[in-house]
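Only the coordinates and a few stated rules stand behind these numbers; no lab work does. Computed from a predicted model, the values in this text were never measured in an experiment. All Cβ positions, even for glycine, are placed from backbone atoms using ideal geometry, and neighbour counts span all protein chains on display.
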Amino acid sequence: MLCNGVFEGGGVKGIGLVGAVCAMEDAGYIFEDVAGTSAGSIVACLISAGFSGKEIKSKMMKLDFKRLRGHTTLTRLGFVGKALKLLSTNGIYSPDYLESWLDDLLAKKNISRFVHIKDKSKTRRSPYRFQAVASDLSNSRMLVLPRDLRNFGIVPDNFSLSKAVRMSISIPLYFEPYNLVDVDGKNHVIVDGGLLSNYPMWLLDTRRSIMPTFGFKFLSSNCDTVYCGDYYSINNSRDYAQALLRTSLDAHDKFYESLNRGDLERTIGISTIVHRGDKPHEIAAVDFGIDEAEMEELFNNGYNAAKNFLREWSFEDWKARYANPDIRLARGAGRLSRGRATI
């Protein structure tokens with residue numbers, strides 16, 4: 001059974017996405033088009049290159065997450081060194097290690113550029129099996145890669161897959177941003193796509209629902225389903241700062257969900273809670289101290305979430321309710337007019 005997949009960003013939590021992919025494959029699903037942001041772009045990229053979920057798990061379990069910090073002479077000097085590094089490069093750590101790791105994996109499949117995952121024979125919004133989301137700080141706009149590379153005078157076919165992923169995963173201030181020069185010679189600073197769309201379900205939507213598009217999304221610590229309203233009480237300045245960050249990451253995607261009913265019904269929610277010792281622990285995006293047992297538990301969270309989802313899933317039922325985009329948009333508009341949109 002063919003399907004499309006959209007993968008949310010989540011840093012080191014990405015192994016949970018891989019668990020869900022494995023469950024989908026065990027159930028007989030084959031991914032056709034894939035898209036993702038940040039860590040989700042890593043998983044999507046490897047799927048488009050022909051890696052199975054089990055292969056991706058094997059590679060990720062061997063990944064040295066501590067090296068993702070990409071220490072330099074300055075960052076090893078502690079707080080002062082990190083501050084100097086941030087001031088000089090706009091990012092504390094370098095994502096070179098991750099880019100090199102991804103390059104090496106893709107080379108095993110004789111793949112390196114977007115042309116290698118292109119299929120001209122199929123009618124779709126994009127001829128490329130994989131798309132990633134990044135954020136252009138210089139233009140204050142979202143980038144869909146490889147499509148928007150043309151704005152920089154770059155032929156998408158010739159662009160490196162690993163560099164596209166690097167753009168998508170460059171968490172602002174944490175990782176060094178990527179720099180692109182446009183056709184007018186202006187430099188653009190590119191960072192993590194999660195800043196503008198961390199869960200780009202909209203990217204693979206088409207008017208002809210000939211195959212299902214599944215979304216893979218992480219659940220917040222205070223929610224156990226994708227239908228949770230994500231309410232957070234704001235009682236102090238720390239709560240306020242966290243709410244600002246959450247809103248910048250999630251508002252666009254939640255607005256889209258409010259207009260296009262049916263997204264939550266095709267979304268697989270993955271718990272990020274694991275056990276650290278005897279206590280439950282929520283894995284954060286930059287929890288690079290995650291150990292093998294925690295990674296395995298997070299993988300199992302994803303596997304079980306997808307397995308349980310598929311028990312109730314019916315593509316025919318979903319199409320009957322939501323496949324007509326005009327009906328979906330009308331329903332969404334009705335929700336907005338009644339003031340019940342989740343934004």
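Values as computed for the structure displayed
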{"read-out": "Net charge of Cβ neighbours under 12 Å - reference TYR178; Lys, Arg +1; Asp, Glu -1", "value": "-3"}
{"read-out": "Per-peptide average of other Cβ atoms within 10 Å, ordering 129-136, 55-62 highest first", "value": "129-136, 55-62"}
{"read-out": "Estimated distance in nm for a label pair at ASN308 and ASP278, the labels positioned 7 Å out from Cα along Cα-to-Cβ", "value": "2.5 nm"}
{"read-out": "Cross-link reach list, aspartates and glutamates versus LYS108, counting only Cα pairs under 13 Å and skipping chain neighbours closer than eight places", "value": "GLU55"}
{"read-out": "Where Rh is the Kirkwood radius over Cα pairs, Rg/Rh for the range 89-193", "value": "0.97"}
{"read-out": "Pairwise label distance in nanometres, ASP287 with ASP104, each label 7 Å out on the Cα-Cβ vector", "value": "2.6 nm"}
